[in-house]
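Worksheet for the structure shown next.
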Amino acid sequence: MKTITLNIPEEIDEKEVTMVVASQLYQQGKLSSGQAADLVGISKREFIESLGKYGVSVFSESVEDLEHDVLSLNKFLHSHPRKI
């Protein structure tokens, strides 16, 4: 792993900066949620629960991808009806 040194004002929390960086790298798909959590030094669950605060969705798929999945599921369900 690489080490980066940043000079930030005293009033800015180091963990906050790390969370911002980790959440953006997660959003861009460059880190998994586990890797991002490790970078921040928190649990994966804590990282995922914190993402909304940084404007990042847990769902990494685009709206178009989700719409495609819903259409595919509907087609499948209509072509394979269940008898109740």
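The values are calculated or read from the model by the stated rules, or taken from the named source; none is laboratory data. These figures come from a predicted structure and were not determined experimentally. For the accessible areas, the whole protein counts, side chains as well, though only heavy atoms, and no ligand, DNA or RNA atoms are used. Shrake-Rupley method; radii C 1.70, N 1.55, O 1.52, S 1.80 Å.
Some notes on this structure:
- Accessible area per residue, Å², the chain with all protein chains present, probe 1.4 Å: 86 Å²
- Taking amide H as placed 1.01 Å from N in the peptide plane, L31 has its amide H under 5 Å from the amide H of Y26, each at least 5 places away in sequence or on another chain.
- Degrees, to the nearest 10: 63-79 long Cα axis against longest axis of the chain: 20 degrees
- Carbon-plus-sulfur accessible fraction, the chain (probe radius 1.4 Å, protein heavy atoms only): 55%.
- For the residues K15, K53, a 1.4 Å probe over the protein chains yields an accessible-area ranking, largest first, of K53, K15.
- Accessible-area order (highest first, 1.4 angstrom probe) of the listed residues F76, F59, F47: F59, F76, F47
- Total lysine pairs whose alpha carbons fall under 18 Å of each other in the chain (8 or more apart, or interchain): 7
- Result for the chain in a Gaussian network model with C-alpha springs under 10 Å: among S32, S72, S57, the largest mean-square fluctuation is at S72.
- Residue with peak Gaussian network fluctuation, the chain [Cα springs, cutoff 10 Å], from V70, V17, V58: V70
- Computed from backbone phi, the HN-Hα couplings of the range 27-39 come to 4, 7, x, 8, 10, 6, 4, x, 5, 5, 4, 4, 4 Hz, rounded to whole numbers (Karplus: 6.51 cos²θ - 1.76 cosθ + 1.60, θ = phi - 60°; Gly and Pro given as x).
- Ranked order, M1, M19 - accessible area, probe 1.4 Å, largest first: M1, M19
- Each eigenvalue of the Cα gyration tensor of the chain, multiplied by 5 and square-rooted, gives one semi-axis; in descending order these are 39, 12, 11 Å.
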